[in-house]
Every structure is written in C-alpha cells, then in structure tokens.
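Structure provided below as structure tokens; questions to follow.
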Amino acid sequence: HEKKIPDNLPVFLDSPLANAITDIFKQHIELYDKEIKALFKGPHNPFTMRQLKQTTDVEESKNLNFFIGPCIIISASGMCEAGRIRHHLKNNIEDPKNTIVVVGYMAENTMGRKIVDGAKQIKIFDHMYDVKANVVIMESFSALECRRCLKALHCTSFVWLRYNK
C-alpha cells in the first residue's frame, strides 16, 4: 500500500504449494470478513496484481534463472533445505545487488538459519557459495506465532494470518 514497489516490477510466485493455496483462497472469497472482501473488490486485490505471475511447472521455475532485470521471486523455504528455493539461492546468493527476504522462523542447523545468523558461506548442492546478497529478516510473519495462538485457544477450526506481533 505504500507504493514502494513499482507497478511494472515482475513478481513470480514459484512454489507449487503456494500456487495451490492461492487458488483455494481465490475460490473462497465468501469466507473473508467485510474488510478483506472490500480489499478484493478494490484496486489493491493481491490476486489480480498484473505483475504477479505464478510458475506452473519446473521449466518455468528454471527459466527464472535467466530472467534479465529486477524482479521479486517468492518461493517457499522449507528452511531452505529442499525445493526450488535452493536453486534460487544457488543462482542469486553471490550477487550483492540481490536481497534475500527471510519471512518467519528458521530452525537450528538448517541452511535458512545459517543465512539468518549471518554465515559468510553456505553449502548448496555440495558446493560452497559466498553470501554476498543482502539478507533481511521479517519475523512478524512467523507461522510459529500463529500456531502458539491456536494452541492457546484450543481451536483448530479456523486459520488467520498474523501480520504484526
């Protein structure tokens, strides 16, 4: 909402699970409260961002390695231990013009935690890479906090996103 990301900056959602969940969210707008429904009907609907592109297969994901120009790649982390995120890290971690934004908690002894803790080198696919990209940590999106709240309420029949601590 702060208009800091240019409208023409491509945003790639490169995660099969995130794509599937996004499709479910799109199909069930009736479950949202009035405020969110109003957002979805207005000009800031996150599902109709013209610059958002969902990758549909492995080839599209691989092609992101050859994308020329600035972009945002959103990829599920799995603590950076598995999946497409490792390929994106391998191809982008040594470029100081890039920024890795870590959203949420990274468990001990994972590649994600090593990045968060400021490691200068990271082993990806049996090869060492220098961490030259900027690293930004956004702890306010932690799923762990949501789980704690759900346990405290003894309720598992709903899900909510917590944006601020």
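Among the residues of region 1-41, count how many are touching a residue at least 40 places away in the same chain (Cβ under 8 Å) and more than 27 Å from residue 66 (Cβ to Cβ).
Restricting attention to region 1-41, the residues satisfying the condition of being touching a residue at least 40 places away in the same chain (Cβ under 8 Å) are 1, 5, 7-15, 17-18.
Now restrict to residues that are more than 27 Å from residue 66 (Cβ to Cβ): 1.
Counting residues in region 1-41 that are touching a residue at least 40 places away in the same chain (Cβ under 8 Å) and more than 27 Å from residue 66 (Cβ to Cβ) gives 1.
Residues checked against (1) small (Gly, Ala, Ser); (2) in contact with a helix residue (DSSP H, G or I) (Cβ under 7 Å, 6 or more places away or on another chain):
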| site | (1), (2) |
| --- | --- |
| 14 | no, yes |
| 19 | no, no |
| 42 | yes, no |
| 46 | no, no |
| 53 | no, no |
| 62 | no, no |
| 85 | no, yes |
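Now, a different point. Do we have any residue at all in region 39-50 that's among the aromatic types (Phe, Trp, Tyr) and closer than 17 Å to residue 25 by Cα? I'd like the intermediate steps shown before the answer.
Let us first name the residues in region 39-50 that are among the aromatic types (Phe, Trp, Tyr), namely 40, 47.
After this cut, where a residue has to be closer than 17 Å to residue 25 by Cα as well, the list is 40, 47.
For region 39-50, residues among the aromatic types (Phe, Trp, Tyr) and closer than 17 Å to residue 25 by Cα: present.
Can I ask one more? Out of region 72-86, which residues are touching a Ser or Thr at 6+ places or on another chain (Cβ under 7 Å) and either assigned to a helix (DSSP H, G or I) or more than 25 Å from residue 46 (Cβ to Cβ) (or both)?
79, 80, 81, 84, 85
Kindly check whether there is at least one residue in region 26-46 that is among the small types (Gly, Ala, Ser) and under 22 Å from residue 60 (Cα atoms).
no
Condition first: among the polar types (S, T, N, Q) and not in a strand (DSSP E or B). Now tell me which residues in region 29-71 satisfy that.
Of everything in region 29-71, those that are among the polar types (S, T, N, Q) and not in a strand (DSSP E or B) turn out to be 45, 48, 51, 55, 56, 61, 63, 65.
While we're on this one: For region 1-28, give me each residue that is assigned to a loop (DSSP other than H, G, I, E, B), surrounded by 10 or more Cβ atoms within 10 Å (Cβ to Cβ) and of a type in the set (S, T, N, Q).
Within region 1-28, 15 is the sole residue that qualifies.
Tell me the residue from 64, 39, 150, 52 that is surrounded by 13 or more Cβ atoms within 10 Å (Cβ to Cβ) and modelled with pLDDT of 90 or more, please.
64
Could you check residue 77 against (1) surrounded by 14 or more Cβ atoms within 10 Å (Cβ to Cβ); (2) in contact with a Pro (Cβ under 7 Å, 6 or more places away or on another chain) and say which number it fails?
All conditions pass for residue 77, except number (2).
The values are calculated or read from the model by the stated rules, or taken from the named source; none is laboratory data. It should be emphasised that the depicted structure is a prediction, and the values quoted were computed from it without experimental measurement. Here Cβ is always computed from backbone atoms with ideal geometry, including for glycine, and neighbour counts include all displayed protein chains.
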